[in-house]
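Scroll down for the structure; my scribbles are underneath it.
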Amino acid sequence: MGHRRDWDLNSIQHGIWAMRAEMNSAYNDGFVTWPIKQDLYRLKWLIDESLEQASTYAGETEWLKEQEGEKIMRILKNE
């Protein structure tokens, strides 16, 4: 049994990257960038709440550890 997926992860990521680029642009001031940061906080809170309400799945702990390891490697490589 499948489900209908009404979202595209790549589009969501692209939107967040675009927000980050605008927020960090030297051409924008706080009047432009503060509302962008507020939107990012709203997204973070929604995602955090959604994850808190989600079930825990087999293999989830291992996957999260793997993702954390990859994140550490990117930081160490300065990517």
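A few comments on the model shown:
- Some residue of region 44-62 being surrounded by 10 or more Cβ atoms within 10 Å (Cβ to Cβ), within 19 Å of residue 12 (Cβ to Cβ) and touching a residue at least 24 places away in the same chain (Cβ under 8 Å): no
- Per the listing 7, 17, 63, the residue uniquely at pLDDT below 95 and of a type in the set (A, V, I, L, M, F, W, C) is 7.
- Checklist (1) surrounded by 10 or more Cβ atoms within 10 Å (Cβ to Cβ); (2) free of Cβ contacts under 8 Å to residues at least 24 places away in the same chain; (3) assigned to a helix (DSSP H, G or I) applied to residue 28, failing item: (3)
- Residues that are assigned to a loop (DSSP other than H, G, I, E, B) and not polar (S, T, N, Q) within region 1-25 comprise 1, 2, 3, 4, 5, 6, 7, 8, listed in sequence order.
- If the condition is being surrounded by 10 or more Cβ atoms within 10 Å (Cβ to Cβ) and not polar (S, T, N, Q), then region 31-40 contributes 32, 34, 35, 36, 37, 39, 40.
The values are calculated or read from the model by the stated rules, or taken from the named source; none is laboratory data. This structure is a prediction, so every number in the text was calculated from the model and none was measured. Note that each Cβ is placed from the backbone with ideal geometry, even for glycine, and that neighbours are counted across all protein chains shown.
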